[in-house]
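Report on the following structure.
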Amino acid sequence: MAKIYFTLTGMKHYFGDDFLEKGMKLELVKEPDNQYDSEAIMVKLKRLGKIGYVANSPYTVIGESISAGRLYDKIGDTASAKIVLVTPRGVICKVCKKSMVEKMN
């Protein structure tokens, strides 16, 4: 099974990103009723709640990480993830547990 990486974005609208560290475990939750993006995937941190979203724009996706639109059909309603890299440009995370609907190409 291929590793799947994504960019965490939107943190400035919630708690910022100063507290984020490599290895932190995250929960991904689809938000199909999101008024701005029907492929929105919320990112939550235990005991804190929503901290941001999976990036879904060419302007917010970093490097080879995939967008929420490409990830959306590859996970179930929820999935687990882990932070693998925190940089000044953004936060890269890896999907850990997922319900695969189709194989990554």
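The values are calculated or read from the model by the stated rules, or taken from the named source; none is laboratory data. Model, not experiment: these values are computed from the prediction. Quick reminder, even Gly has a Cβ in these numbers, built from the backbone with ideal geometry, and neighbours come from all protein chains shown. Note: areas computed on protein heavy atoms with side chains; ligands, DNA, RNA excluded. Shrake-Rupley method; radii C 1.70, N 1.55, O 1.52, S 1.80 Å.
Summary table below
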read-out	value
Positions within the stretch 86-95 being at pLDDT 90 or above, open to solvent by 40 Å² or more (accessible area, probe 1.4 Å) and out of contact with any Phe, Trp or Tyr (no Cβ under 9 Å at 6 or more places or on another chain), in sequence order	Val86
Members of the stretch 45-78 that are within 22 Å of Lys22 (Cβ to Cβ), open to solvent by 70 Å² or more (accessible area, probe 1.4 Å) and basic (Lys, Arg)	Lys46, Arg47
Selection within the stretch 12-34 - open to solvent by less than 40 Å² (accessible area, probe 1.4 Å) and under 14 Å from Val84 (Cα atoms)	Leu20, Gly23, Leu26
Any hit, the stretch 56-78, residues being without any contact (Cβ under 8 Å) to a residue 60 or more places away in the chain, under 13 Å from the mean Cα position of the chain (by Cα) and in a strand (DSSP E or B)	yes
